[in-house]
Amino acid sequence: MKKVGNHNSISRKLFLSFALSLAFSLTSFAQEAAPVAATEAPAASQGGDPVKGKELFNSNCAACHKLDAKSTGPALRGVAEKHDMAWIYKWVRNSSDMIKSGDAAAVKLFEENNKSVMTSFPQLSEGDIDNIIAYTSEVKAEAPAAAGAVPGGAAVQEDGVSNNIILGALALVMLMLVVMLFLVNKVLTKVASANGIEIAAKEKTTPIWKAFVKNQFLVLVSAIFLLLASGYFVYGFLMQVGVDQDYAPIQPIHYSHKIHAGDNEINCKYCHSSARVSKTAGIPSLNVCMNCHKNISEVAETTATPEYSKAFYDEQIQKLYNAVGWDKATQTYTGKTQPVKWVRIHNLPDFVYFNHSQHVTVAGIECQTCHGPVETYEIQKQFAPLTMGWCVDCHRKTDVKMEGNEYYAKIHEELSKKYGVDKLTAAQMGGLECGKCHY
């Protein structure tokens with residue numbers, strides 16, 4: 001009989017070339033099949049420029065009014081259908097005079113909105129008011145219905161279904177190819193036997209584990225290596241006990257630092273005001289949240305992301321209202337409050353002393369130094385390890401802020417001569433003394 005090489009290599013090459021061709025075809029089909037979303041912009045209103053009107057609305061009206069929901073004042077969409085323009089001109093420029101004159105519509109509007117006095121805008125021309133009315137007269141765009149929802153408020157894209165079908169078909173084809181490879185291998189074996197062709201058998205070799213056991217030097221070196229590696233990993237594991245870097249718990253009310261500190265550029269110390277004067281930064285009171293959210297009861301459509309929908313963010317604002325007892329329909333507090341059980345993220349051991357005001361006010365350290373780029377965090381996490389080594393390393397690298405600090409200025413000259421430097425680090429100023437951070 002003739003001996004030939006293993007025919008499996010031929011069948012494998014055929015299988016791989018066919019699989020690659022099929023996968024490329026399916027990928028091209030998936031790209032061509034992806035639907036293209038189209039959006040229709042609402043038609044502009046007549047009698048004014050809605051684009052300019054939106055700018056005027058945001059700068060003059062948005063603090064007290066919304067288009068489609070009651071705030072301090074009534075919803076303004078379609079207001080031109082309720083009052084004639086001459087009346088609107090007078091009302092915008094001086095609503096108080098109209099109320100005092102006894103105008104029936106003005107008095108009714110005043111009483112319906114908890115007798116809140118509207119700010120007068122005598123500086124707005126009739127053209128400006130026409131532009132605002134044009135913006136409030138635009139037809140509300142209907143939000144596209146989501147195909148489905150996932151935990152966290154994410155909406156499933158409509159093309160996700162077609163993608164799943166394509167992936168399922170691809171998996172089925174791959175399974176068929178595996179079966180075909182098995183059958184082809186079986187047929188080739190039968191053909192070889194029928195033609196008297198002997199398939200070359202693999203040469204038997206000594207198992208690796210037997211060769212390893214016979215080599216005493218390798219056994220000794222491996223044992224030493226395993227012992228050292230085990231000690232290293234055990235030490236590393238023990239050193240991570242109590243280190244919660246990247247800890248990001250789910251809070252009872254989802255708060256996005258990305259939206260507040262990032263998109264809206266709210267200063268960290270506006271909410272965490274005690275960081276300037278106190279040992280702790282503190283958890284902001286919900287009343288601080290209501291300074292803005294008394295009028296902001298929903299987010300813009302552009303705020304939504306693939307992970308978090310507009311409805312999800314609006315639900316979180318409603319949780320805030322439930323906690324403080326705010327009725328957005330009547331714009332009043334009900335007196336029924338609910339405690340919010342926030343989950344603590346940063347937690348130093350009891351024997352460690354850390355003072356926020358000393359670092360924030362005296363040293364002028366930015367919040368991001370210890371807490372990371374919070375303006376990019378959708379979910380707040382512990383950025384730094386907060387270990388002793390991390391703190392000591394910062395003290396060794398950070399120069400002490402001398403400007404306007406009379407206490408440090410008195411001893412700066414002597415310590416500068418002692419260390420032979422112009423600027424002193426926190427470590428050189430005593431920042432490595434045990435009693436500075438430990439009770």
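The values are calculated or read from the model by the stated rules, or taken from the named source; none is laboratory data. Quick caveat, the model's predicted, so the values are computed rather than measured. Don't worry about glycine lacking a Cβ; one is built from the backbone with ideal geometry, like all the others, and counts go over all protein chains shown.
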Of all residues being modelled with pLDDT of 90 or more, among the hydroxyl-bearing types (Ser, Thr, Tyr) and within 26 Å of Thr376 (Cβ to Cβ) in the stretch 304-331, which is nearest to the chain's Cα centre (by Cα)? Just the residue, please. Tyr308
Being part of a helix (DSSP H, G or I) and under 34 Å from the mean Cα position of the chain (by Cα) narrows it down to one residue among Leu181, Leu167; which is it? Leu167
Any residue at all in the stretch 201-209 that is in contact with a strand residue (DSSP E or B) (Cβ under 7 Å, 6 or more places away or on another chain), not polar (S, T, N, Q) and not in a helix (DSSP H, G or I)? no
Taking the conditions exactly as written (farther than 19 Å from Ile250 by Cα, hydroxyl-bearing (Ser, Thr, Tyr) and either in contact with a helix residue (DSSP H, G or I) (Cβ under 9 Å, 6 or more places away or on another chain) or surrounded by 12 or more Cβ atoms within 10 Å (Cβ to Cβ) (or both)), does Thr330 satisfy them or not? no
Helices (runs of 4 or more DSSP H) (entirely within the stretch 357-432) containing at least 3 residues that are within 25 Å of Lys269 (Cβ to Cβ) and under 33 Å from the mean Cα position of the chain (by Cα): 367-371, 388-397
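Here is a yes/no grid of residues against (1) of a type in the set (Val, Ile, Thr); (2) surrounded by 13 or more Cβ atoms within 10 Å (Cβ to Cβ):
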| site | (1), (2) |
| --- | --- |
| Ala171 | no, no |
| Val179 | yes, no |
| Leu188 | no, yes |
| Ala192 | no, yes |
| Trp209 | no, no |
| Leu228 | no, no |
| Val241 | yes, no |
| Asp244 | no, yes |
| Ser256 | no, yes |
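Return yes or no: is Val324 more than 22 Å from Glu375 (Cβ to Cβ) and surrounded by 14 or more Cβ atoms within 10 Å (Cβ to Cβ)? Explain how you work it out, then say what you get.
Values: more than 22 Å from Glu375 (Cβ to Cβ): yes; surrounded by 14 or more Cβ atoms within 10 Å (Cβ to Cβ): yes.
Judged against the criteria, Val324 is a match.
Considering Tyr353, Tyr308, Tyr321, which residue is assigned by TED's automatic domain parsing to the domain that holds Ala281 and either of a type in the set (A, V, I, L, M, F, W, C) or free of Cβ contacts under 8 Å to residues at least 40 places away in the same chain (or both)?
On the way: Tyr353 fails: either of a type in the set (A, V, I, L, M, F, W, C) or free of Cβ contacts under 8 Å to residues at least 40 places away in the same chain (or both); Tyr308 fails: either of a type in the set (A, V, I, L, M, F, W, C) or free of Cβ contacts under 8 Å to residues at least 40 places away in the same chain (or both).
It is Tyr321.
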Please find, within the stretch 407-439, the residue that is surrounded by the fewest Cβ atoms within 10 Å (Cβ to Cβ) out of those that are closer than 28 Å to Val352 by Cβ and among the charged types (D, E, K, R). Glu433
Residues being hydrophobic (A, V, I, L, M, F, W, C) and in a loop (DSSP other than H, G, I, E, B): count how many of those fall in the stretch 265-274. 1
Cβ contacts < 6 Å: first residue of a type outside the set (Val, Ile, Thr), restricted to the stretch 91-106; second residue surrounded by fewer than 13 Cβ atoms within 10 Å (Cβ to Cβ), any location; separation 6+ or different chain. Result? Arg93/Pro122
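Of the residues Glu298, Glu265, Glu307, only one is in contact with a strand residue (DSSP E or B) (Cβ under 6 Å, 6 or more places away or on another chain), under 30 Å from Lys140 (Cβ atoms) and of a type in the set (Asp, Glu); which? Can you show your working first?
Details: Glu298 fails: in contact with a strand residue (DSSP E or B) (Cβ under 6 Å, 6 or more places away or on another chain); Glu265 fails: in contact with a strand residue (DSSP E or B) (Cβ under 6 Å, 6 or more places away or on another chain).
The conditions single out Glu307.
Restricting the stretch 217-264 to residues that are among the charged types (D, E, K, R) and part of a loop (DSSP other than H, G, I, E, B), which is farthest from His293 (Cα to Cα)? Please lay out each step first, then the result.
Looking only at the stretch 217-264, we keep the residues that are among the charged types (D, E, K, R), and these are 244, 246, 258, 263.
Subset that is part of a loop (DSSP other than H, G, I, E, B): 244, 246.
Numbers: Asp244: 32, Asp246: 29 Å.
Once the filter is applied, the top-ranked residue is Asp244.
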The number of residues in the stretch 234-265 that are aliphatic (A, V, I, L, M), over 18 Å from Gln382 (Cβ atoms) and more than 16 Å from the chain's Cα centre (by Cα) is 2
Within the stretch 275-294, how many residues turn out to be assigned to a helix (DSSP H, G or I), touching a residue at least 60 places away in the same chain (Cβ under 8 Å) and either surrounded by fewer than 17 Cβ atoms within 10 Å (Cβ to Cβ) or not assigned by TED's automatic domain parsing to the domain that holds Asn355 (or both)? 1
